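K.L.:
Quick one: structure below, then a few questions.
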Amino acid sequence: MKKNGRKMIVKKDKKNVILEEVVDFDLSQTLECGQCFRYEKISQNEDGCEYIIVAFNKMLRIRQSNNRLIFFDTSIDEYENLWKDYFDLDNDYDLIKKSILKTNKKLGMAIKDMSGVRILKQEFFETLISFIISQNKQIPHIMKIVEMISKKYGSVCGEYKKKKYYSFPSADVLKNVSEQDFRECKMGFRAPYIVDAISKVISGDIDYDYLSKSSIDEAIEVLMTIKGVGSKIANCVALFSLHKTEAFPVDVWIKRIMIELYFDGEDTDKRVIEEFAKEKFGNLCGYAQQYLFYYARKNGINKKKNVKKWA
DNA sequence: CTCCAGGCAGTGT
DNA sequence: ACACTGCATGGA
């Protein structure tokens, strides 16, 4: 394995895959930065942190200690074919960060603070549904609802310490679920949006392979034909599932920090901010967005007053 | 109690 | 084009 500037070493013991010399990767940052809703922190101490995640119908227990990453009970094949891409481990983030910094010194603090975040490549249908649910909700509540749907309609894909973990259900499973049933999963006004998304996936109007090959603009345009999918959610799906790094989701947090950094604190339309970012960051938009998002939240930037200096 | 949450669609100018 | 509002639900 040669990428990553330095070399990352892949090993295998009886049951686990172990990566050594992993750089520009922080498990906590990557899972908890708001792109992913299916993780559970098992432990965190001075020796590292450990999580259970559910993705692509698999449960994974994973641990990070400094530059070592352990994928428990995982075969080399599963690592190579699934988790390596999921965590974007073949991508050279040192190069990405340097490229962003070269023209955008203002992001220095954000990049330094979130230097181990990666853009996950998550399963398409789950990402679409999860981000439709996400609108006007807080992350812990989104996680609860996604968990509820998985328990109710998904299937068991693993067990740890007597707790069962459930995969996110497929469109095929959800196609017969009624709007009323979704409302019972506390989805409120999003329930009809979910029904519409499922029917368009089933009919083929929304097709992962097609969208993967599409340009960013076309992918977003097609995704926005789904009721309840606007610019922000379409950009999220394009970034976190289709891995189109020209995407730049503008939510309340990104809006606030972008206004602070580039618009002199003046209230600016989200579309203007999105255009500005796409011009400024190009195909590094998605990465820049991730650095900015968690950083803005962590520092609690507030739209009413300037809590911090950003330069 | 009120206000807001990783927004969006519908309605009115 | 643009601004304004309702929306389900839960947490601060």
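Only the coordinates and a few stated rules stand behind these numbers; no lab work does. None of the values given here were measured: they were computed from a predicted structure. For neighbour counting, all protein chains shown are included, and Cβ atoms are generated from backbone atoms with ideal geometry for every residue, glycine included.
K.L.:
Please report A:141, A:243 as a ranked list, fewest other C-beta atoms within 10 angstrom at the top and most at the bottom.
P.N.:
Going from sparsest to densest Cβ surroundings: A:141, A:243.
K.L.:
Would you mind checking A:151/A:186; A:11/A:97; A:102/A:278; A:41/A:161; A:213/A:255; A:200/A:227 for any pair whose Cα atoms are more than 19 angstrom apart?
P.N.:
Going by Cα-Cα distance, A:11/A:97; A:213/A:255 fall outside the 19 Å limit.
K.L.:
What does the extension gain come out to for residue A:189 and residue A:225, with contour length at 0.36 nm per residue minus their alpha carbon separation?
P.N.:
Between residue A:189 and residue A:225, full extension yields 11.2 nm more.
K.L.:
Given the options A:111, A:192, A:204, identify the residue whose Cα lies farthest towards the positive end of the charge dipole of chain A (+1 on Cβ of Lys, Arg; -1 on Cβ of Asp, Glu).
P.N.:
A:111
K.L.:
Same structure, new question: I'd like the trypsin sites (Lys or Arg not before Pro) in the range A:212-289 restricted to DSSP loop residues with at most 12 other Cβ atoms within 10 Å, sorted by number.
P.N.:
Counting only loop positions with at most 12 other Cβ atoms within 10 Å, none of the trypsin sites (Lys or Arg not before Pro) in the range A:212-289 qualifies.
K.L.:
Given the options A:188, A:34, A:154, state which has the largest fluctuation in a GNM of chain A using a 10 Å cut-off (strictly under) for Cα springs.
P.N.:
Sorting by GNM fluctuation, first place goes to A:188.
K.L.:
Ok, one more. Of A:129, A:22, A:56, which is farthest along the charge dipole of chain A in the positive direction, counting Lys and Arg as +1 and Asp and Glu as -1 at C-beta?
P.N.:
Selected residue: A:22.
K.L.:
Further question: Just to be sure I understand: with springs between alpha-carbon atoms less than 10 Å apart, which residue in A:103, A:225, A:127 has the highest mean-square fluctuation in the Gaussian network model of chain A?
P.N.:
With Cα springs under 10 Å in chain A, the top fluctuation among A:103, A:225, A:127 is at A:103.
K.L.:
Note down the magnitude of the dipole of the range A:136-230 about its Cα centre, charges +1 on Lys and Arg C-beta and -1 on Asp and Glu C-beta and zero elsewhere, to the nearest 20 debye.
P.N.:
For the range A:136-230, the charge dipole is close to 820 debye.
K.L.:
Please give me the summed charge of the neighbours of residue A:171: other residues whose Cβ is under 13 Å from its Cβ, Lys and Arg +1, Asp and Glu -1.
P.N.:
-4
K.L.:
According to a simple spin-label model (label point 7 Å from Cα along Cα-to-Cβ), what is the distance in nm between residue A:81 and residue A:45?
P.N.:
Going by the 7 Å Cα→Cβ label model, 3.6 nm.
K.L.:
Further question on the same structure: Among A:202, A:226, which comes first, second and so on when ranked by fewest other beta-carbon atoms within 10 Å?
P.N.:
The order, fewest Cβ neighbours first, is A:202, A:226.
K.L.:
Another one. Within the range A:28-86, which GluC sites (Glu not before Pro) sit in a loop by DSSP and count at most 13 neighbouring Cβ atoms inside 10 Å?
P.N.:
Those that pass, being in a loop and sparsely packed, are A:46.
K.L.:
Sticking with this structure for a sec: Nearest 20 debye, what's the magnitude of the dipole of chain A about its Cα centre given +1 on Lys and Arg Cβ and -1 on Asp and Glu Cβ?
P.N.:
Result for chain A is approximately 1060 debye, rounded to the nearest 20.
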